[in-house]
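The values are calculated or read from the model by the stated rules, or taken from the named source; none is laboratory data. All of these numbers come straight from a predicted model, not from anything done at the bench. Cβ coordinates were reconstructed from backbone atoms using ideal geometry, including for glycine residues, and neighbour counts include every protein chain displayed.
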Amino acid sequence: MAFFSMVLNWAAYGLLLLLIPLSVAFLGFCLYIKYIRMKFDHIPGPPEKSFFLGNARELQVAMKEGELLHDLFLKWSLKYGPVYKIYSLHFVLVCVTCPEATKEVLMSPKYTKDSMMHSRLFSLFGIRFLGDGLVTARDHEKWYKQRRIMDPAFSSLYLRGLMGTFNERVEKLMDKLTELADSKTDTSMLSLVNCVTLDVICKVAFGVDLDLLNQSSPFPRAIETCLKGMVINIRDIFYAYNPMNRPFINEVREACRLLRRTGAEWINNRKAAIQNGDEVPKDILTQIIKTVDKETMTPEDEEFMLDNFLTFFIAGQETTANQLAFCIMELGRHPDILEKAKKEVDEVIGMKQEISYEDLSQLVYLSQVLKETLRIYPTASGTSRDVVEDIVINGIRVPKGGIFIFSTYVTGRMEEFFPDPMKFDPDRFHPDAPKPYYCYYPFSLGPRSCLGQNFAQMEAKVVMAKLLQRFDFSLVPGQTFDILDTGTLRPKSGVICSVRHRNHKK
């Protein structure tokens, strides 16, 4: 008995020695959270639901109930004003809708991409994802070097040369729509445009033919899985610690591995072609290879190239596809706007099959429709920056150490900036209409604005122009017009349409 008593005493003593530092660490963390929040308590914002989680629990509940978090941010913006704070553990998010502050922060390179978002996008559940690519790079000099190397692949001269590929790939969509119209089969427009935009980016950026409208591929599902994992990784920091989530986490990891393996294969094939003296296009893949010095290349350089491959592979198709789907959805809901867009296409394009670069600049009303689509449905909803120094916004002092959140979804739906904001009105973007002042930025603003925005809008115009030129479409009754947040915003229903051949009036 004495022996067992001694063992129990030693076990209790060991447990006590373990609990003391844990208790001290716990107390220290609590004091640190309190200290951080004291600096921001003067800023208005929603009440904390929990000391540790702050407002994070409210966000998690909203996500589980299928609510769109951006609508919650909009509600808080309308209630608490142009500057308000959200707490999550020791992080402080400062949400800003003030145009002057938006301009000051986003137009300046000194406000870096925030460190929390960088860590959440760098890898997904232990597998490298976007790493230090163009979207995520925090060091300005490192980012600027990448940007300068990538610029030639997005110059107006190079984009003009892509019109043949745009036309060719979109013709495959027209062939598919012809089959559907002939068979009177309803279809998901989101699914179709997803195939086209991924086909386009693979061809013009990487020189690879996928033909997704006629062949199956693991890439669309892998991209969707990665984006879903990305959203969870950003918004639920405890997700990875729940054993019940292990199957999906493994699925996300495998999707990341697939995309990076694919990137490595395509990069190695292009490098071999360059070494063999083959003629290669000055496309995105060639420019990615130029971002590292081939003479001193390290394993980290190889990973860095894959970071940019994934950045363009995913961003180059997902946001454009979603914009197209939302655009089709809104045109289906507004027959008058649809007829006006068709009339312009008839006048500019007529019956010709090949759309020219010059034609695109004449599709003024279609441009307005696409811009208005991104006002209400910005597929990339916003951006964030580190608060690197104390700043006063609307008379409110924001101390350094927090994270700025800018949401074009929120400002795009505010009466203050866009009267009757939920009305779909392309004339807001008429050439003679007043320009939105730093409250509309679907491609972000300043030096870190989206490099591919001209590429994306050219592609979107070609798709929409050919669609409007040749087909009538109507939304199948009974579907929802809700929004799904999968890292980018997309129509939840998939935009189910019935498609018919157009009867052009003589």
Checklist entry - Among Val499, Val476, Val495, Val463, which is the only one that is among the β-branched types (Val, Ile, Thr) and closer than 21 Å to Leu360 by Cα? => result Val463
Next on the checklist: Let me confirm something: among Asp151, Asp132, which residue is of a type in the set (Asp, Glu) and outside any loop (DSSP other than H, G, I, E, B)?
Outcome noted: Asp151
Checklist entry - Which numbered condition trips up Val369, out of (1) assigned to a helix (DSSP H, G or I); (2) out of contact with any Cys (no Cβ under 9 Å at 6 or more places or on another chain); (3) farther than 20 Å from Met174 by Cα? => result (2)
Checklist entry - Mind checking which residues of the stretch 89-118 are surrounded by 20 or more Cβ atoms within 10 Å (Cβ to Cβ) and small (Gly, Ala, Ser)? => result Ala101
Item to check | Residue satisfying all of: in the stretch 319-346; β-branched (Val, Ile, Thr) and modelled with pLDDT of 95 or more; nearest to Pro220 (Cα to Cα) among these | outcome: Ile328
Checklist outcome for this item: Those residues of the stretch 452-506 which are assigned to a loop (DSSP other than H, G, I, E, B), in contact with a strand residue (DSSP E or B) (Cβ under 6 Å, 6 or more places away or on another chain) and among the basic types (Lys, Arg) amount to Lys492, Arg502
Next on the checklist: Of all residues being in contact (Cβ under 8 Å) with a residue 60 or more places away in the chain and loosely packed, with under 14 Cβ neighbours inside 10 Å in the stretch 483-505, which is nearest to Asp182 (Cα to Cα)? Just the residue, please.
Outcome noted: His501
Checklist outcome for this item: With the first residue restricted to the stretch 295-314 and required to be within 20 Å of Ser119 (Cβ to Cβ), and the second required to be among the basic types (Lys, Arg) and surrounded by fewer than 24 Cβ atoms within 10 Å (Cβ to Cβ), Cβ contacts under 7 Å at 6 or more apart or on different chains are Glu303/Arg128; Leu306/Arg260; Leu310/Arg260
Checklist entry - Somewhere in the stretch 147-165, is a residue out of contact with any Pro (no Cβ under 8 Å at 6 or more places or on another chain), without any contact (Cβ under 8 Å) to a residue 60 or more places away in the chain, closer than 30 Å to Val204 by Cα and among the basic types (Lys, Arg)? => result yes
Next on the checklist: For the stretch 391-423, give me the residue count where each residue is among the hydrophobic types (A, V, I, L, M, F, W, C), more than 12 Å from Cys95 (Cβ to Cβ) and touching a Ser or Thr at 6+ places or on another chain (Cβ under 8 Å).
Outcome noted: 2
Checklist entry - Only one residue in Phe443, Phe404, Phe455 is over 24 Å from Leu190 (Cα atoms), touching a residue at least 12 places away in the same chain (Cβ under 8 Å) and not small (Gly, Ala, Ser), so which one is that? => result Phe404
Checklist entry - Do the conditions hold for Leu363, that is, is it within 23 Å of Pro426 (Cα to Cα), surrounded by 23 or more Cβ atoms within 10 Å (Cβ to Cβ) and out of contact with any Phe, Trp or Tyr (no Cβ under 6 Å at 6 or more places or on another chain)? => result yes
Item to check | Sole residue being of a type outside the set (Asp, Glu), surrounded by 14 or more Cβ atoms within 10 Å (Cβ to Cβ) and within 24 Å of Gly487 (Cα to Cα), chosen from Ile284, Ile267, Ile289 | outcome: Ile284
Next on the checklist: Is it the case, given these coordinates, that Asn250 is within 26 Å of Thr379 (Cβ to Cβ), assigned to a helix (DSSP H, G or I) and assigned by TED's automatic domain parsing to the domain that holds Lys461?
Outcome noted: no
Checklist entry - Do we have Val208 as in a helix (DSSP H, G or I) and of a type in the set (A, V, I, L, M) here? => result no
Item to check | Candidates Gly229, Gly207, filtered to the one that is modelled with pLDDT under 90 and in the same structural domain as Phe313 (by TED's automatic domain parsing) | outcome: Gly207
Checklist outcome for this item: Result of the Cβ filter at 7 Å on the stretch 83-98, keeping first residues that are assigned by TED's automatic domain parsing to the domain that holds Lys400 and partners that are among the acidic types (Asp, Glu), at least 6 apart or interchain, is Tyr87/Glu48
